[in-house]
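Have a look at the structure below before the remarks.
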Amino acid sequence: MQANIEMVKALLDPGRKVVVLTGAGVSAESGVPTFRGQDGLWKTHRAEDLARPDAFAARPELVWEFYNWRRTLVAGCEPGPAHLALAAMERLIPNFLLITQNVDGLHGQAGSRKLVEMHGSLWQVRCTVCTHAREDRSALPPLPECPVCGHLLRPGVVWFGEPLTPGVLRLAVAQLRDVDVFLSVGTSGLVQPAASFHQLARDHGAVTVEINAEPTPSTGLMDFALHGPAGVILPEMVPGTAS
């Protein structure tokens, strides 16, 4: 695998356009639960059953309890070597974009600035009625109220069954149609629309790279498939970040 790592490293030239997609596997290395397998339960509830607009409508206090627990958990996590390597990669490559499916904010904490958070952020809250939205890392009450109109606030994340924030997908697609190298890092390749990003990039001539702990349904379609911890592989590709 070392030879492939060196070849991908050579592709990450400052003159090339690079787009990186990250998923839960990157943050799992920092201790953030993936909510798959044994991590999929909170108390007696499946995470997928709580991260839904109908669940919030029916039991907002329960959903907020779940999200406040997640916020507390993530607040104790630090960016890992993969997060830091991607922030360093951004500084080396002028035409760079990082698209993440994660909502934990660790990429921003690591220093990434050319960043699109596809599914929002645990640290964002927004009103269920008016347009008020803000970043808020404070301890929230069980049913936080909007300071503008007094109605209920909700987590600023994209729930199952909801569309992406307007413009997010349009930006991602535009970048993927004009990219030289596409890296898929720590994602299972199962959640659309991100699961199709590698094919869109490949159709427009990009070299595609998968970095994941294990093979995915997309592995056979990638130009390079590097299997192992992203926190080990990515630092080897960015000068000065390998330990």
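On the basis of being within 30 Å of residue 133 (Cβ to Cβ), outside the structural domain of residue 59 (by TED's automatic domain parsing) and either in contact with a Ser or Thr (Cβ under 9 Å, 6 or more places away or on another chain) or modelled with pLDDT of 95 or more (or both), does residue 177 make the cut? Yes; evaluated as a whole, the condition is true for this residue. Of the residues contained in region 8-24, one or more are found to be of a type outside the set (A, V, I, L, M, F, W, C), part of a helix (DSSP H, G or I), outside the structural domain of residue 139 (by TED's automatic domain parsing) and at pLDDT 95 or above. Could you tell me whether region 147-155 includes any residue that is within 22 Å of the chain's Cα centre (by Cα), under 15 Å from residue 65 (Cα atoms) and surrounded by 16 or more Cβ atoms within 10 Å (Cβ to Cβ)? Taking every residue of region 147-155 in turn, at least one turns out to be within 22 Å of the chain's Cα centre (by Cα), under 15 Å from residue 65 (Cα atoms) and surrounded by 16 or more Cβ atoms within 10 Å (Cβ to Cβ).
The values are calculated or read from the model by the stated rules, or taken from the named source; none is laboratory data. On a predicted model such as this, the values are computed, not experimentally measured, just so you know. Quick reminder, even Gly has a Cβ in these numbers, built from the backbone with ideal geometry, and neighbours come from all protein chains shown.
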